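Q: Structure provided below as structure tokens; questions to follow.
No value in this document is a laboratory result; all are computed from the given coordinates. Please read all numbers here as calculations on a predicted model, not as lab measurements. No Cβ is skipped: glycine too gets one built from the backbone with ideal geometry, and neighbour counts run over all protein chains shown.
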Amino acid sequence: MKFIAAKKIPDLLGLLARDARVWAPLVPEDSADTLLFLPWEPGAEVDLERFTQVSPKKLVMPGSEPLFSFSYSMAVDCERLEIGDARGVPGAGGASDADGAGEAPGAATVLFGARACDARSLTVLDALFGLEPGEAYNDPLYRARRAALTVVTLACTSCDAACFCSSWAEGPASTEGSDLILYPVEGGYLARGVSDRGEALLVLDIWEESEQPLPELAETDRVPFGTLNTKLLEIFSDMDFWERATERCVSCGYCTYACPTCYCFNIFDEMRGSRDGERCRSWDACMFYLYTLETSGHNPRPTIAHRYRNRIGHKFSYYPENQGTTLCTGCGRCIRGCPVGLDIRDVLRGAGER
Amino acid sequence: MSTIPREGIKASEPLRPEPATVLDVITETPNIKSLRLAFDDESLMQSFSFLQGQVGQLSVPGAGEATFAIASPPSQREYFQFSVMKTGVVTTAIHELRAGDRVAVRAPMGNTFPTDDWKGRNIVVIGGGIGMAPLRSLFMYLEDHRDDYGGLQLIYGARTPKDVCYLDDCRQWEAGSDIDFVTSVDT
Amino acid sequence: MADLVTTIKQTLKDVELVLGWVRDPATGVAAPARFHTEEEAEAAVFDSTCVHNLAVHLPRLKGRRLGIVAKGCDARSVVELIIEHEAEREDLKVIGVGCGSILDVKKIWRRFGYGVEIDDRGDSLELGGERGPREDFLARKCHGCLEADPDIYDLFVGESAGGPAGEISGGREEPHPLSAMLEDLAPAERRAFWREQFSRCIRCYACREVCPMCFCRDICIMQTQVPHWAGGEVNARESEMIQHIRVSHLAGRCTGCGECERACPVGIPLMLLMDEQNRAIEDMFGYRAGDSLRARPPMQTFSIEKDLWGDEE
Ligand SMILES: Cc1cc2nc3c(=O)[nH]c(=O)nc-3n(C[C@H](O)[C@H](O)[C@H](O)COP(=O)(O)OP(=O)(O)OC[C@H]3O[C@@H](n4cnc5c(N)ncnc54)[C@H](O)[C@@H]3O)c2cc1C
Ligand code: SF4
Ligand code: SF4
Ligand code: SF4
Ligand code: SF4
Ligand code: SF4
């Protein structure tokens, strides 16, 4: 099997960075206790031990992005209207890229050091956004980024108390969404290609051969899903349960924004002067009051309990019903980072026992 | 989903709306206006088709984009109509538009009524207020295919007499001999 | 914790619910809880992992009779909320707890893994078997602790600290670890520093949601589309802008509880901004938010004669 010594990882990253932008788990300057997927540059030291606080989903769905530009003025003349090319359509040019990913959609990108849960989350999102034109919700920007993404996954030989990916069939051994998988072993990593794109990387002139066996992978906590999907529908109106279960929640956007599978967005116009503007979309989250506030002033999810119920219901009941897969891969980020220590598993188990 | 037509939207650019021109503005009630629109791209307008009950997204660039039912029937090929109640930012901007002004539209979207399953049966359509918009499209579709259905009844309610939308249509429905039209107001 | 449990039970005879902490069995650290019945109160704990400022819940529960377990710093928020009429003194039973400084649990988890066993020996700390100086993992706000005993309370549990927690814990009143570095930077470099920091912001608004004083919340202008004060994009420019809005809205109101920085998932040193402003407010007006129920917050007090024309005729 192919092998790479730990000390040669920077060389591998260097090779990958020749043809693509490489994103890897890095410690931001002046913030030693933070680990995020950030653009890798020569000299930057990747951390392949700890877990990142925010998922790499922005590589396929940036925090915000312009969709197209326009020129129009209600105040002056409503007869003049120009609508710029759609962004993300190959060859269309379109508005400039300001999405924080730093590259136009469709630019070759390598995600290095994703975990199995992160890689698998991409396939969970594919079910919604579609990989082929006209498929599912047909999002060309997502598709362009997804097609240009190579995922080098880091297999988990250890986990922490927040991980629960073993709740799904393959757990840390899942290869879904990965192109190449690195397995930590004595002195370095064994490499296994999962897709053609991954196999192609194994041709690079950096790998050694090794006889070492594949390591044993981590075994995480398991949430028994069973018939939870229907159970959640049954207890939909059980507000007593939802209120008690979410008492400590403060209704921020961390759990949804950090989550690799949450995909909600808002579309709005930003003016750049009096005539010119851009239509943008940004992440949005069902934990926010404004997410469901209707124009009449009515809000169907007025309290935190209503909103958290939607978060759970969408992930573990409605999405499985509509797309055939849970909208969660057990990465544990929402548990590790929740400012008030609300553990989604407690709510799921509580619902199961209700 | 593949059964729902999307002829107004280019598969490659589903998020970008197409420019359209306001042909006519009808003041329906103190807070509802109907806009009749046509895509600027003539070939697009010719191929544009939708099913009764589908919606569109109407943009006033700078203000934003909002969802409205297409209130005209699929058989109406000259224009498509949105009926808009003034409530917030986008709808207020829409209410300021006049004939000749330009906007942008993404349509059609969303679902339709299972009108094929209803064939041969008596149909009662019940609607109220601005909720009448998609039902206008539906009812006109049923009228267009009058022979396929049994009795047609339309029950339409509004808060007060001045909130009744589509007065011209109402008069015609009232006068029509083969449909049963009932209106009611709350106060 | 017999004392705390008994006190909560006693308080429950008089109020609808008590805000406090329970131990999360999965991690062994404290998590916020609401006690509605005496039976539930059995699970109440207080220890050095009780980092959260429970006063954040008061505005949403306004109008109900409540009990709240409060450390010295939390009580400052309670005071400020009462001054701003977001909580009524008569509706509240404050259960003060003697605090001997608390731990930065997030920092511990991020270094040693979520759920690592934390054994706080009082003078040293054992983390997953490794022993280290406790001071390294003290919540930063405890280094600048003003008063470990709550200023207002109806009942008190535990040992009185008799001063700032920093003194008992061996910590020191010290500025933010980054502030000296920042002082040395030229203005342009400082701007670059903040741009870099805010480029990580994901606009999750956790900083706002955990802040007891950011009680506009659902209608906060950092987020509303109507009115469209702040742009909706997620980028360094907008994030810096909205944080400046937040900071300035907290002028003379921030009690320095450190919750925003603690909650920020991407490690932006938000307390650098708050500290700086709090210092300026103290220099200018001699006011520290949360000091006293009788104090008059400078940004909410305006007397024409004095403020506009000065004292002299
Ligand atoms: C499938 C579907 C079909 C629909 N069909 C129709 C239809 O056929 N006809 C129709 O009329 N409507 C229809 N609607 C409703 C329509 O989409 C909304 O009325 C519209 O989106 C409102 O947009 P807005 O920008 O005007 O409101 P917004 O400005 O987006 O309002 C957003 C929020 O801001 C608040 N707000 C708005 N303006 C102000 C202000 N000036 N000051 C303070 N707060 C304010 C509102 O309370 C609201 O909560 C439909 C909706 C759906 C989902
Ligand atoms: S569960 Fe935690 S992270 Fe999620 S909204 Fe509530 S407080 Fe925020
Ligand atoms: S819901 Fe939580 S555990 Fe599941 S994928 Fe999202 S962040 Fe990870
Ligand atoms: S859980 Fe909420 S934010 Fe996440 S995808 Fe579902 S609706 Fe959107
Ligand atoms: S930032 Fe300002 S508007 Fe927003 S919640 Fe805080 S105080 Fe209110
Ligand atoms: S908590 Fe941090 S990441 Fe979230 S909005 Fe505040 S500054 Fe940004």
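Q: Using Cβ contacts closer than 10 Å as the measure, can you line up B:Thr91, A:Thr227 from fewest to most?
A: A:Thr227, B:Thr91
Q: Taking Rh as the Kirkwood radius computed over C-alpha pairs, what is the Stokes-Einstein D of the stretch C:175-297 at 25 °C in a medium of viscosity 0.890 mPa s, expressed in µm² per second? List each step's numbers first, then the result.
A: Working: Rh = 15.3 Å.
Roughly 160 µm²/s, to the nearest whole number.
Q: So what are the radius of gyration and Dmax for the Cα set of the stretch A:175-300, in Å?
A: For the stretch A:175-300, the Cα-based Rg and Dmax read 23.6, 67 Å.
Q: Toward the positive end of the charge dipole of the protein assembly as shown, about the Cα centre and with charges on Cβ (Lys, Arg +1; Asp, Glu -1), which of A:Ile9, C:Thr11, C:Gly267 goes farthest?
A: C:Thr11
Q: Tally the DSSP beta bridges in the stretch C:1-146 and give the antiparallel ones as a percent, rounded to 5.
A: Values: 15 of 23 bridges.
Taking every DSSP beta bridge with both residues in the stretch C:1-146, the antiparallel ones total about 65 percent.
Q: Fewest first, what order do C:Asp151, C:Asp74 take by the number of other Cβ atoms within 10 Å? Don't jump to the answer; show the numbers that get you there.
A: On the way: C:Asp151 18, C:Asp74 28.
With the sparsest Cβ surroundings first, the list reads C:Asp151, C:Asp74.
Q: Along the three principal axes, how long is the stretch C:67-216 when you take its alpha carbons, biggest first, rounded to the nearest angstrom?
A: 49, 43, 29
Q: Let me ask you something else. Using DSSP, restrict attention to beta bridges with both residues in the stretch A:2-353 and report what percent are antiparallel, rounded to the nearest 5. List each step's numbers first, then the result.
A: Working: 35 of 46 bridges.
For the stretch A:2-353, the DSSP antiparallel bridge percentage is about 75.
Q: Suppose we take every Cα in the stretch B:18-109 and form the convex hull; what volume per residue is that in Å³? Intermediate values should be presented prior to the final figure.
A: Details: hull volume 7.7 nm³, N = 92.
Roughly 83 Å³ of hull volume per residue.
Q: Follow-up question, since we're still on this one. Taking each residue in C:106-112, count the Cβ atoms of any other chain within 10 Å of its Cβ, then average. What number comes out?
A: So the per-residue partner count for this stretch is 4.
Q: Can you tell me what share of the DSSP beta bridges in the protein assembly as shown is antiparallel? A percent to the nearest 5 is fine. Please report the intermediate quantities before stating the final value.
A: Details: 79 of 114 bridges.
Beta bridges within the protein assembly as shown, antiparallel portion: roughly 70 percent.
Q: With labels modelled as points extended 7 Å from the Cα through the Cβ direction, what inter-label distance (nm, one decimal) is found for C:Lys62 paired with B:Ser49?
A: Modelled inter-label distance: 5.8 nm.
Q: Let me ask another. I'd like the Kirkwood hydrodynamic radius of the stretch B:115-185, using the inverse of the mean 1/r over distinct C-alpha pairs, in Å.
A: On the way: mean 1/r = 0.0808 Å⁻¹.
About 12.4 Å for the stretch B:115-185.
Q: Then there's this: Which entries of A:Lys8/C:Lys141; A:Lys58/C:Lys71; C:Lys62/C:Lys141; A:Lys2/A:Lys57; A:Lys315/C:Lys141 have Cα-Cα distances beyond 31 Å here?
A: Working: A:Lys8/C:Lys141 41 Å; A:Lys58/C:Lys71 39 Å; C:Lys62/C:Lys141 27 Å; A:Lys2/A:Lys57 28 Å; A:Lys315/C:Lys141 37 Å.
Checking Cα-Cα distances, A:Lys8/C:Lys141; A:Lys58/C:Lys71; A:Lys315/C:Lys141 exceed 31 Å.
Q: Per 10 Å bin, what is the whole-percent P(r) computed from every C-alpha pair distance within chain C?
A: 6, 24, 34, 25, 9, 2, 0
Q: Another one. When the Kirkwood hydrodynamic radius is evaluated over all pairs of different C-alpha atoms of chain B, what value in angstrom, to one decimal, is obtained?
A: One over the average 1/r among Cα pairs gives 17.1 Å for chain B.
Q: OK, next. What is the ratio of the Cα radius of gyration of the protein assembly as shown to 2.2 N^0.38 Å, with N the residue count, to two decimals?
A: Working: Rg = 29.9 Å, N = 854, 2.2 N^0.38 = 28.6 Å.
Normalised Rg, Cα atoms only: 1.05.
Q: Same structure again: Summarise the partner chain shielding of A:63-74 as one whole number: the mean count of Cβ atoms from other chains within 10 Å of each residue's Cβ. Kindly include the intermediate steps, with their values, before the conclusion.
A: Details: counts 7, 7, 2, 1, 4, 6, 1, 7, 2, 9, 2, 8.
That average works out to 5.
Q: With each pseudo-label sitting 7 Å past Cα toward Cβ, what's the C:His244-A:Asp30 distance in nm, one decimal?
A: 1.6
Q: Label points 7 Å out from Cα along the Cβ direction at B:Asp186 and C:Glu42: separation in nm?
A: Simple spin-label model gives 5.1 nm for this pair.
Q: Here's a follow-up. For chain A, modelled as a Gaussian network with Cα springs under 10 Å, which listed residue fluctuates most, A:Phe316, A:Phe225, A:Phe112?
A: So, out of A:Phe316, A:Phe225, A:Phe112, the one fluctuating most is A:Phe225.
Q: What average number of partner chain Cβ atoms lie no more than 10 Å from the Cβ of the residues making up B:82-94? Mind dumping the intermediate values first?
A: Values: counts 0, 0, 0, 2, 1, 4, 6, 7, 2, 1, 0, 2, 0.
Mean partner-chain Cβ count within 10 Å for B:82-94: 2.
Q: Within the stretch B:159-187, list the residues whose amide N lies under 18 Å from a label point set 7 Å along Cα→Cβ of B:Gln153.
A: Answer for this model: B:173-185.
Q: Rounded to the nearest 0.05, what FRET efficiency do A:Thr292 and C:Trp229 have when you use their Cβ-Cβ distance and R0 = 25 Å? Present the calculation step by step, with values, prior to reporting the outcome.
A: Details: r = 21 Å, r/R0 = 0.85.
Step by step, r from the Cβ atoms, then E = 0.75.
Q: Sticking with this structure for a sec: Find the relative contact order for chain C and round it to a whole percent, using C-alpha pairs within less than 8 Å whose residues are 6+ positions apart.
A: On the way: 536 pairs, mean separation 49.4, N = 313.
Reported relative contact order: 16 percent.
Q: In what sequence do B:Met140, B:Met132 fall when counting other Cβ within 10 Å, fewest first? Each step should come with its number before you reach the end.
A: Details: B:Met140 19, B:Met132 27.
Listed from fewest to most nearby Cβ atoms, that is B:Met140, B:Met132.
Q: Taking the Cα centre as origin and putting +1 on Lys and Arg beta-carbons and -1 on Asp and Glu beta-carbons, what dipole magnitude results for the protein assembly as shown, to the nearest 20 debye?
A: Dipole of the protein assembly as shown, to the nearest 20 debye: 900 debye.
Q: Give the value in nm², to one decimal: projected area of the alpha carbon convex hull of the stretch A:2-353, averaged over all directions.
A: 20.5
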